[in-house]
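For reference, the structure discussed in these notes is given below.
Quick note: the coordinates plus some simple rules give every number you see, no bench work behind them. Keep in mind that what you see is a predicted model, and the values were worked out from it rather than measured.
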Amino acid sequence: EGPLLFKKQAKGYGGVAVQRCRLDGKDVVVIYGHLKLDSVAPQVGERLRSGQRIAVLGKGGSEETDGVRKHLHFGIHESATTTDIRGYVKDEAETGGWRDALEYMTP
């Protein structure tokens, strides 16, 4: 659980919502990408809760998904001060702050 930091159109994502919270005792930024931006109901600063519906996915091939197929881009980045929303990095050295999101998914 944690506040919604921002929601906006972003290159590579289309609609994106970004949340700050704590996982395993560490500050993290959670990125939800390829969203229909006007469906992001929570307001900036509002606390997002576990299990809460945040938004719906954007239409595939549209501006809502930045032209890619319909899917959720979900990322977790360890950070107390920065908001890194890059979906891709150039090399493995840049992956240090990213968490494996599968560790937090239930089967």
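Can you list residues from other chains, or at least 5 along the same chain, whose modelled amide H is less than 5 Å from the amide H of L23?
Placed amide hydrogens put V28 under 5 Å from L23.
If I stretch the segment between C21 and Q43 completely, what's the gain in nm (0.36 nm per residue apart, minus their alpha carbon distance), one decimal?
On the way: separation 22, 0.36 × 22 = 7.92 nm, distance 1.58 nm.
Length gained between C21 and Q43: 6.3 nm.
Suppose we take every Cα in segment 1-64 and form the convex hull; what volume per residue is that in Å³?
About 84 Å³ per residue, rounded to a whole number.
Over the chain, calculate the relative contact order: mean separation of alpha carbon pairs under 8 Å at least 6 apart, over the residue count, as a percent. Before the final figure, lay out the partial values.
On the way: 226 pairs, mean separation 27.2, N = 107.
That works out to 25 percent.
D for the chain, whole µm²/s, Stokes-Einstein with Kirkwood Rh over alpha-carbon pairs at 20 °C and 1.002 mPa s: what number?
Details: Rh = 14.1 Å.
Rounded, D is 152 µm²/s.
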